[in-house]
Structure formats: C-alpha cells, structure tokens
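One structure is given below, encoded as structure tokens.
The values are calculated or read from the model by the stated rules, or taken from the named source; none is laboratory data. All figures in this text were calculated on a predicted structure; none of them were measured in a lab. Heads up, the Cβs are rebuilt from the backbone with ideal geometry, glycines too, and the neighbour counts pull from every protein chain shown.
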Amino acid sequence: MKILIAADGSAYTKRMLAFIAAHDEWLGPRHSYTVLHCVPAFPHRAAAFVDKSQVQSFYRDDAETVFRPIRVFFKRQRMAATFIHRIGPAGSTIAKLAEQQRFDLIILGSHGHGAVAGVVMGSVATKVVSLCDTPVLLVR
C-alpha cells in the first residue's frame, strides 16, 4: 500500500506515529511511505525584503525540524520513507499530492475539535477529506 503521512510536528503527529507503531498492519515492507510537511508560505510582502535563498532556507529548516524525530521513528522501525515538504496551505496541498501521486491512504493526526470547530477554524483534516477521494485515516 502506498501511504502518505501528513505531519506538522505537533503532539498530534506524535500520537499518530504511536498509533502506527502499535498497529502491525500499518508497518512493514509491504507498504511504501511518504512523509509530507506543508510549510506555510512566507508572506510575499515580507519576502520582498529578504534574500530568496534565506526564504528557501527557512522552508527547508522548518521542514527538517518536523522531519528529524520522524526520521528517528522510521529508523527505529527499520522502515524506509521518503520525506518531502511543500509550500502552501496544508489541507489543499495534502489532497493535491495524494491525488497526483495516487496514494492508497492518507494518515494524519487530528486535533479532534469536532464538526462545529472544524467549520469555524477550517480544520486541515476536514479540508483533506472534502478535497480528495483518497481514504483518510484520522488519528486523534
């Protein structure tokens, strides 16, 4: 199974990884894993005053901060994963990548605010579920 793991580095990402580790059906060489972190775009007005290489460095550093403990997780599990970051809004970016690369499953941690809060706050999980046909496993 081709699995996309969406990670933001929060406690919800850690909970999601613990869930994966506790369920053998999500582990092992029969699956391929891609870990995605969406980096919020640097405001264009601010970017005009900063060197382009500094902005790119910011994006890479932000992603690596999220990826570092997840790399350790995959190493401990003796599993390989591909790590990529994209710049833009998380919900639509996750959904777009899942559709483009034809993932079989998206796994992501959810804050679990509920339906009303999701509408008001624009939950990433809600956005992903509404924008793509790929099955989504939400871990709360």
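For region 64-76, the criterion of being touching a strand residue (DSSP E or B) at 6+ places or on another chain (Cβ under 7 Å), free of Cβ contacts under 8 Å to residues at least 60 places away in the same chain, of a type outside the set (V, I, T) and under 22 Å from V128 (Cα atoms) is satisfied by no residue at all. All of (1) surrounded by 14 or more Cβ atoms within 10 Å (Cβ to Cβ); (2) at pLDDT 90 or above hold for V72 with one exception: (1). Residues that are closer than 23 Å to K127 by Cα, in contact with a helix residue (DSSP H, G or I) (Cβ under 7 Å, 6 or more places away or on another chain) and of a type in the set (F, W, Y) do occur in region 35-55. Using the structure shown, decide if I94 is part of a helix (DSSP H, G or I) and of a type in the set (A, V, I, L, M, F, W, C). Answer is yes for this residue.
For region 62-71, the criterion of being outside any helix (DSSP H, G or I) and either more than 17 Å from T13 (Cβ to Cβ) or within 11 Å of the chain's Cα centre (by Cα) (or both) is met by no residue. Number of residues in region 9-47 that are part of a loop (DSSP other than H, G, I, E, B) and either surrounded by 14 or more Cβ atoms within 10 Å (Cβ to Cβ) or at pLDDT 95 or above (or both): the value is 4. Evaluating M79 against the criteria (1) surrounded by fewer than 16 Cβ atoms within 10 Å (Cβ to Cβ); (2) under 19 Å from the mean Cα position of the chain (by Cα); (3) not in a loop (DSSP other than H, G, I, E, B); (4) not aromatic (F, W, Y) leaves one unmet condition, (3).
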